[in-house]
Amino acid sequence: MKRYARIDGISVVEIIEPMVDANDKEIDISTRFHPDFVATLREIPNGQNVRIGWTCVSSTFAEPEPVTLTPDEIRINYEAAAQVMLDEFAKTWGYDSCERMISYIGSANAQWDAEGRAGRQYRDDVWSAAHSIDVAVTGGAEPPANEAEFLAMLPTPPTRPTV
């Protein structure tokens, strides 16, 4: 049975699996789709496990080259993830962002002031932990395998204060 890859530029963007009729006979691709669509397809050789994201040049398929990030790129990605985590935490307490939450320190409303102070402490704890992880990795420790592992190494959010 024939499998096809839809190609955009040189990238495989879709895999078209075979289809059979009531007699278990393969339905030709040209009867299944419009000719303009069929023109974007390349038959996948039997036994080749082509996937979305592969390349195809002159009907030759190839896996994409693995992307290796530099330590600085990894650090930047993890810092961005930590900031998103802080902002998502602030949203659970009704603030637009961690920065906005912290701006309530000194508010005449004691609850908002307490929440701002708790948010600032949490932010400081998160960035201190992130810095410690970065120092350890710079010193030769194995970096977290992925963003989720990195975030799991950071402090958990505080309990909302009540005044």
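The values are calculated or read from the model by the stated rules, or taken from the named source; none is laboratory data. Just so we're clear, the structure is a prediction, and the values are computed from it rather than from any experiment. Note that each Cβ is placed from the backbone with ideal geometry, even for glycine, and that neighbours are counted across all protein chains shown.
Out of the residues in the range 114-145 meeting the condition of being in contact (Cβ under 8 Å) with a residue 24 or more places away in the chain and among the acidic types (D, E), tell me which one is nearest to T162 (Cα to Cα). Within the range 114-145, the match that is nearest to T162 (Cα to Cα) is E115.
The number of residues in the range 13-48 being within 16 Å of E63 (Cα to Cα), touching a residue at least 12 places away in the same chain (Cβ under 8 Å) and outside any strand (DSSP E or B) comes to 2.
Reported count of residues in the range 62-109, each being under 20 Å from the mean Cα position of the chain (by Cα), in contact (Cβ under 8 Å) with a residue 40 or more places away in the chain and more than 30 Å from V50 (Cα to Cα), is 9. Being at pLDDT below 95 and part of a helix (DSSP H, G or I), is that true of even one residue in the range 50-64? No.
Within the range 11-22, track down each residue that is of a type outside the set (A, V, I, L, M, F, W, C) and either surrounded by 11 or more Cβ atoms within 10 Å (Cβ to Cβ) or farther than 14 Å from M1 by Cβ (or both). Hits for the range 11-22 are S11, E14, P18. On the stretch given as the range 72-92, residues that are crowded, with 16+ Cβ neighbours inside 10 Å and not hydroxyl-bearing (S, T, Y) total 10. Counting the residues of the range 126-156 that are surrounded by 16 or more Cβ atoms within 10 Å (Cβ to Cβ), at pLDDT below 85 and assigned to a helix (DSSP H, G or I) gives 1.
Name the residues in the range 40-71 that are among the hydroxyl-bearing types (S, T, Y) and surrounded by fewer than 11 Cβ atoms within 10 Å (Cβ to Cβ), would you? Within the range 40-71, S58, T60, T68, T70 qualify.
The lone criterion from (1) surrounded by 15 or more Cβ atoms within 10 Å (Cβ to Cβ); (2) hydrophobic (A, V, I, L, M, F, W, C); (3) closer than 14 Å to F150 by Cα left unmet by M101 is number (3). Of note, A114 does not satisfy the criterion of being more than 18 Å from F89 (Cβ to Cβ) and over 27 Å from the mean Cα position of the chain (by Cα).
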